[in-house]
Amino acid sequence: MKVILKEDIKGLGKMGDIVNVAEGYGRNFLIPGRKAVEATTHNIKAVEHEKKMLEEKMKRGKQEVEELSKKISEISVTIPMQVGEGEKMFGSVTSADIAEALDKEGIKLDKRQIHLEKPLKELGLFQVPVKLHPEVSAELKIWVVKG
């Protein structure tokens, strides 16, 4: 039985692929679960149209993300932290702190987009990677200073 996948299914294929599956698997699992539709000429045309629309949307989204990437690369964020003797910091700077500081600059990001290997526990300048899109990332300059 030939079906068109409506979502990515591990071990079977990606969304929009036309695959051969066993009759029972297609009729009892994929089609009722809305994970696939039967591969008729009408359904094939509909899926191709959906793919085109999705690609256009992804292109527009990627352009917006690239502009944001340039903006992030151009700015630097200063985060004041309390320090004790020997310039030892109380606590650390996490991705949530960085996201909050960016929010004050007018850039809204989710803390999961900011990729810190480990929290920043010392004063200084740091380059932090920010993943905005599967194909677009940026480097953000973070200044951790006495507060």
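Could you grab the pairs with beta carbons closer than 7 Å, sequence gap of 6+ or different chains, first residue in the stretch 60-88 and more than 30 Å from PRO134 (Cα to Cα), second one β-branched (Val, Ile, Thr) and surrounded by 12 or more Cβ atoms within 10 Å (Cβ to Cβ)?
PRO80/VAL145; MET81/VAL93; MET81/VAL144
Any residue at all in the stretch 38-57 that's within 26 Å of SER137 (Cα to Cα) and in contact with a His (Cβ under 8 Å, 6 or more places away or on another chain)?
Applying the first criterion (within 26 Å of SER137 (Cα to Cα)) to the stretch 38-57 yields 51-57.
Among the residues that remain, those that are also in contact with a His (Cβ under 8 Å, 6 or more places away or on another chain) are: none.
Checked the stretch 38-57: no residue is within 26 Å of SER137 (Cα to Cα) and in contact with a His (Cβ under 8 Å, 6 or more places away or on another chain).
Filter the stretch 98-139 down to residues that are assigned to a strand (DSSP E or B), hydrophobic (A, V, I, L, M, F, W, C) and farther than 22 Å from VAL83 by Cβ and give me whichever is farthest from the chain's Cα centre (by Cα). Reasoning before the result, please.
Our first condition is that a residue be assigned to a strand (DSSP E or B); within the stretch 98-139, this holds for 114, 120, 124-133, 136-139.
If we keep only those that are hydrophobic (A, V, I, L, M, F, W, C) too, we end up with 114, 120, 125-126, 128, 130, 132, 136, 138.
Cutting the leftovers down to farther than 22 Å from VAL83 by Cβ gives us 114, 130, 132, 136, 138.
Numbers: ILE114: 10, VAL130: 10, LEU132: 6, VAL136: 9, ALA138: 13 Å.
Filtering the stretch 98-139 for residues that are assigned to a strand (DSSP E or B), hydrophobic (A, V, I, L, M, F, W, C) and farther than 22 Å from VAL83 by Cβ, the one farthest from the chain's Cα centre (by Cα) comes out as ALA138.
Restricted to the stretch 7-36, and to residues that are surrounded by 14 or more Cβ atoms within 10 Å (Cβ to Cβ) and at positive phi, which residue is modelled with the lowest pLDDT?
Of everything passing the filter in the stretch 7-36, GLY16 is modelled with the lowest pLDDT.
Looking at the stretch 110-140 only, could you name the residues that are touching a residue at least 24 places away in the same chain (Cβ under 8 Å) and more than 18 Å from SER92 (Cβ to Cβ)?
VAL130, LEU132, HIS133, GLU135, VAL136, SER137, ALA138, GLU139
If a residue must be surrounded by 11 or more Cβ atoms within 10 Å (Cβ to Cβ) and over 10 Å from ILE142 (Cβ atoms), how many such residues does the stretch 103-117 contain?
Just the residues of the stretch 103-117 that are surrounded by 11 or more Cβ atoms within 10 Å (Cβ to Cβ), to begin with: 103, 105, 107, 109, 111, 113-116.
Of the ones still in play, those that are also over 10 Å from ILE142 (Cβ atoms) are 103, 105, 107, 109, 111, 113, 115.
Counting residues in the stretch 103-117 that are surrounded by 11 or more Cβ atoms within 10 Å (Cβ to Cβ) and over 10 Å from ILE142 (Cβ atoms) gives 7.
What number of residues within the stretch 40-55 satisfy the criterion of being under 17 Å from GLU135 (Cβ atoms) and either touching a strand residue (DSSP E or B) at 6+ places or on another chain (Cβ under 8 Å) or modelled with pLDDT of 90 or more (or both)? Don't jump to the end; show me each part of the working.
Kept after step one, since they are under 17 Å from GLU135 (Cβ atoms), are these residues of the stretch 40-55: 54-55.
Restricting the remaining residues to those that are either touching a strand residue (DSSP E or B) at 6+ places or on another chain (Cβ under 8 Å) or modelled with pLDDT of 90 or more (or both) gives none.
The number of residues fulfilling the criteria is 0.
Only one residue in LEU102, LEU116 is of a type outside the set (Lys, Arg), in contact with a Ser or Thr (Cβ under 9 Å, 6 or more places away or on another chain) and under 21 Å from GLU74 (Cβ atoms). Which one?
On the way: LEU102 fails: in contact with a Ser or Thr (Cβ under 9 Å, 6 or more places away or on another chain).
Unique residue meeting the criteria: LEU116.
Among the numbered conditions (1) part of a helix (DSSP H, G or I); (2) loosely packed, with under 11 Cβ neighbours inside 10 Å, tell me where LYS51 comes up short.
(2)
Collect the residues in the stretch 86-97 that are surrounded by 18 or more Cβ atoms within 10 Å (Cβ to Cβ) and assigned to a helix (DSSP H, G or I), keeping them in residue-number order.
Result: SER95, ASP97.
The values are calculated or read from the model by the stated rules, or taken from the named source; none is laboratory data. Please read these numbers as outputs of a predicted model, since none were measured by experiment. Backbone-built Cβ (ideal geometry, glycine too); neighbour counts: all protein chains shown.
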